[in-house]
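A quick write-up on the structure given underneath.
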Amino acid sequence: NDQPDPDPSKKTLVILGTGWGAVSLLKKLDTENYNVVVVSPRNYFLFTPLLPSCTTGTIEHRSIMEPIRNFLRHKKAAVKFYEAEATKIDYQKKVVYISDKSEIKGNSSATQVPFDMLVVGVGAENATFGIPGVRENALFLKEVGDAQAIRKRIMDCCETATFKDQSQDEIRRLLHMVVVGGGPTGVEFAGELQDFFNDDLKKWIPDIKSNFHVTLVEALPNVLPMFSKQLIEYTEKTFKEETITIRTKTMVKNVTDKYIEAESVGPDGKKVLEKIPFGLLVWATGNALRPVVKDLMMQIPAQKDSRRGLAVNEYLVVKGTESIWAVGDCAVANYAPTAQVAAQEGAFLARLFNQMAKTEEIDQELKKLSAAQETAPNKETRDQVFTEIKELQKRLRRVKQMGPFEYSHQGSLAYIGSEKAVADISWLTGNFATGGTLTYFFWQSAYLSMCFSTRNRILVILDWAKAKIFGRDVSRE
Ligand code: FAD
Ligand code: NAD
């Protein structure tokens, strides 16, 4: 067995997840201080901001993935990684139950991992609000597999629409691309899809030209509620120019394999339930709790009033526990569930854990010095030890001076299609809202700089260049 045994003198820190929160914690964590174990069903980090671009092949999915093994091998001390799902966290026993959900299983595929400290960074599931038919008939946009499924479905719809003797109604249905949810995921996807049609599809498959149509359905009165009013208007205007239909104040109530049923208010003020046929349906209505998080919340009385996730204190400790922390979309710390928040929370925990280890080290040193002071053979040695103790106590006070987590909002950015983006940016001097082609270049450079590695950065630049020079690939697979 090549795996090193855990060091019994160190605490075991278990980290669940390999997303924004967990990976930014791992990046800055001094792994020499703990026996670090990472558990996640995904053995890679995914740069989600560019995932909408993978649905149309503007960017290839592997360009925004970074293998976790590649990253862990550069850490100072070995980190164990188990590709598995945490199925249950037993808070009292301080154990996580994990299960290998991949296709290939060995003779051990479900086991337990004990922890002294646990960080929950498992993200969130797709919200469906229990609306019938969503899980069976819609595609989501959260993981690499989702983007691949969407890409394949777009092409399948286009090719099937051009099949011999297809009826006109069926052609219109197949080429109707419906997106539910006018948050940034829905808006960015709708923009990317319209780009795909404008730049490539209509040239490659001219037969679909007059029937291909994108509709965005949103229950609220406007899309992108987190952006400023002027950028909401700019987005809606851009979509209109691009012929993307926005249906606001329209709530989807039911989904079948060929149409959605959506409720809106008619001109007479009465509610109308309308059937909207679709070929592709992408569901982007936000986040819901993962079962493992729900289960943990039920074990902790202090979590009983929390609905949206694990309630945490200002040091990201899960309320009602002493040894569990939570970061990212599964934690409720009064910030929006974004990558920006998750990354800052992860980096904060790394600093906190590094500091906790230092504190412990100094405490041990102080204990040793106190003992040495008592057994000192003469006054001179006692005085010398006393000075050392004072020095260490001063250092301890400095190390312990770590304030609570404070989120620093850098702004919100979203791509809206036709090489335009919107940005609400926080500068030192105040807030600044902008939209357009220049903002698109800013969006591109901001996301490039945020990419995980130089390798990712180069691959993304090459993908953008490739799509510009050769067009996107319209093969179905
Ligand atoms: P995630 O990054 O989702 O990671 C969760 C991790 O936990 C994954 O590795 C997952 O495999 C793992 N996991 C799941 N279940 C278990 C389990 N049972 N046991 C162990 N591990 C588990 N935010 C922005 O700020 N800017 C953007 O431009 C932006 N664009 C986005 C675009 C899209 C299409 C999407 C879907 C989201 C976007 N977001 C953006 C939001 C952002 O991705 C999330 O807020 C962020 O990923 C949250 O980080 P996280 O670490 O909490 O979760
Ligand atoms: P969201 O929660 O931001 O938006 C979901 C939208 O779906 C809401 O506007 C809601 O009114 C609508 N909706 C819900 N049920 C509906 C129904 N039955 N019919 C019609 N509309 C319905 O979700 P999201 O866009 O997936 O984003 C999730 C999180 O990720 C957010 O915090 C977001 O800020 C973040 N994110 C950020 C970016 C970015 O910054 N560019 C991109 C993607 C996601």
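Here's the list of aspartates and glutamates a cross-link from Lys368 could span, going by alpha-carbon distance under 19 Å and ignoring same-chain residues fewer than 8 apart: Glu360, Glu380, Asp383, Glu388, Glu391. Each Cα pair under 8 Å and six or more residues apart adds its sequence gap; the mean of these over the residue count of the range 210-321 is a relative contact order of 16 percent.
Rounded to the nearest 20, the Cβ-based charge dipole of the range 1-67 about its Cα centre (Lys and Arg +1, Asp and Glu -1) stands at 260 debye. With θ taken as phi - 60° and the Karplus curve 6.51 cos²θ - 1.76 cosθ + 1.60 applied, the whole-hertz 3J(HN,Hα) list for the range 465-473 is 5, 4, 5, 5, 6, 9, x, 7, 7 Hz, x standing for glycine and proline. With respect to the chain, whose longest principal axis is taken over its alpha-carbon atoms, helix 437-450 is tilted by about 40°. The amide H of Arg290, built 1.01 Å from its N in the peptide plane, has Glu125 as neighbours under 5 Å, considering only residues 5 or more places off or on other chains. For the chain, DSSP calls about 55 percent of its internal beta bridges antiparallel.
For the range 175-189, 3J(HN,Hα) computed residue by residue from phi via the Karplus equation (6.51, -1.76, 1.60; θ = phi - 60°) reads 9, 8, 9, 10, 10, 9, x, x, x, x, 4, x, 5, 5, 5 Hz, glycine and proline entered as x. For the chain, rounded, prolate or oblate, judged on the Cα gyration tensor with a ≥ b ≥ c (square roots of eigenvalues), a/c < 1.5 rounded, else prolate if a/b > b/c? Here the chain falls in the prolate category.
For the range 99-141, the set of chymotrypsin sites (Phe, Trp or Tyr not before Pro) satisfying both a DSSP loop assignment and a count of at most 15 other C-beta atoms within 10 Å is given as Phe129. For a modelled paramagnetic label at Asn70, 7 Å from Cα along Cα-to-Cβ, the residues of the range 441-477 in reach, with backbone nitrogen under 17 Å, are 448-464. Measuring against 22 Å, Cα to Cα, the residue pairs Lys237/Lys271; Lys209/Lys240; Lys367/Lys400; Lys253/Lys275; Lys11/Lys105; Lys28/Lys105 contain Lys237/Lys271; Lys11/Lys105; Lys28/Lys105 as the ones spanning a longer distance.
Rolling a 1.4 angstrom probe over the protein heavy atoms with all chains in place gives the range 378-428 an accessible area of 65 Å² per residue. Between amide H atoms placed 1.01 Å from N, distances below 5 Å from Gly182 occur with Ala219, all of them 5 or more places distant or on a separate chain.
Using C-alpha pairs below 8 Å separated by at least 6 residues, the relative contact order for the chain is 19 percent. Converting phi to 3J(HN,Hα) with the Karplus coefficients 6.51, -1.76 and 1.60 and the offset θ = phi - 60°, the range 247-263 yields 10, 7, 6, 10, 10, 6, 10, 8, 10, 10, 6, 10, 8, 9, 10, 10, 9 Hz in sequence order, with x at every glycine or proline.
The amide H of Ile246, built 1.01 Å from its N in the peptide plane, has Leu216 as neighbours under 5 Å, considering only residues 5 or more places off or on other chains.
Dipole orientation for the chain: of the candidates Ser108, Ala311, Pro52, Ala311 has the Cα lying most toward the positive pole (charges on Cβ; Lys, Arg +1; Asp, Glu -1). Dipole orientation for the chain: of the candidates Asn354, Met251, Ile208, Asn354 has the Cα lying most toward the positive pole (charges on Cβ; Lys, Arg +1; Asp, Glu -1).
Indicate the gyration tensor shape class of the range 210-274 (rounded, prolate or oblate), computed on the Cα atoms with a ≥ b ≥ c the square roots of the eigenvalues: a/c under 1.5 is rounded; otherwise a/b larger than b/c is prolate and the rest oblate.
Working: a/c = 1.96, a/b = 1.32, b/c = 1.49.
Note, shape of the range 210-274 comes out oblate.
This model, with +1 at the C-beta of Lys and Arg and -1 at the C-beta of Asp and Glu, gives the chain a dipole about its Cα centre of some 580 debye. Glu374 sits among other residues whose Cβ lies under 12 Å from its own Cβ, and their net charge, with Lys and Arg +1 and Asp and Glu -1, is +3.
Can you pull out the GluC sites (Glu not before Pro) in the range 1-95 whose DSSP state is coil and whose Cβ has at most 15 other Cβ atoms within 10 Å?
none
The values are calculated or read from the model by the stated rules, or taken from the named source; none is laboratory data. These numbers come from a predicted model, not from an experiment. Every residue, glycine as well, gets a Cβ built from its backbone with ideal geometry; the counts of neighbours run over all protein chains shown. Heads up: the accessible areas ignore ligands, DNA and RNA and are worked out on the full protein's heavy atoms, side chains in. Shrake-Rupley method; radii C 1.70, N 1.55, O 1.52, S 1.80 Å.
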